[in-house]
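Inspection log for the structure reproduced underneath, given as structure tokens.
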Amino acid sequence: MKPSLHVVLVHPEIHTNTGNIGRLCVAAGAALHLVEPLGFELTDTRLKRAGLDYWPLLEWHRYPDLTALEERRTHCGGRAWYTTGRGRAPYTDVRYMPGDWLYFGRESVGLEPELLRREAERTIRIPIRPEARSLNLANAVGIVVFEALRQIGGPTGESRE
């Protein structure tokens, strides 16, 4: 089955976040794309524990860099949305489509500033109170993925109309 969405983690640093996001992707019918360098080993038992027994059910791909990922996205099709605390539009203002690619940066600093400048028109944000510096990566992915799924009709892409 074709993935409903594509979740891209660029240089993720924390294995438990990636494991939880992997589990979320299985539930959402989304593919997970990991861009190196990673801050952990994929064989790490903690990663697998965070994903529980879902990891074998996960469609996931690993890339040495963003260039390799972009080649894959070009081949697969779909639009890209880049999540950042300074995004141009709230994540709820986007009209998501099946096959969209949702990018998230590493836990400590987010996506690279050059990428965000280049893709400024496709940056989105999750509005939060100014007292909060950021959200946990796994929580942020869940928020955006399930809004996109709500719009496209769920993990199977069934129309809600």
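Remarks
- Extension gain (nm, one decimal) between ILE128 and THR92, 0.36 nm per residue minus Cα-Cα: 11.7 nm
- Compared with the alpha-carbon gap, the fully stretched path from THR43 to ARG72 is longer by 8.1 nm at 0.36 nm per residue.
- Label-to-label distance, nm, for residues given as ARG79 and ARG150 (7 Å Cα→Cβ offset): 1.8
- For the peptides 86-99, 63-76, 17-30, the ranking by mean Cβ contacts within 10 Å, running from highest to lowest, is 17-30, 86-99, 63-76.
- Think of the stretch 6-152 as having a plus end and a minus end, set by charges on the Cβ of Lys, Arg, Asp and Glu; of ALA68, LEU24, ILE124, ILE124 sits farthest toward the positive end of this dipole.
- Prolate/oblate/rounded label for the stretch 6-152 (Cα gyration tensor, a/c 1.5): rounded
- Relative contact order, percent, the chain [alpha-carbon distance under 8 Å, six or more residues apart]: 28
- FRET E, pair VAL109, GLU59, Förster distance 22 Å, beta-carbon r, rounded to 0.05: 0.20
- Net charge, TYR82 excluded, C-beta distance under 9 Å - Lys, Arg +1, Asp, Glu -1: 0
Read-outs throughout are calculated quantities, based only on the coordinates presented, and are distinct from any laboratory measurement. The structure presented is a predicted model; accordingly, all values stated were derived computationally and were not measured. Positions of Cβ are generated from backbone atoms using ideal geometry, with glycine treated the same way; all protein chains shown enter the neighbour counts.
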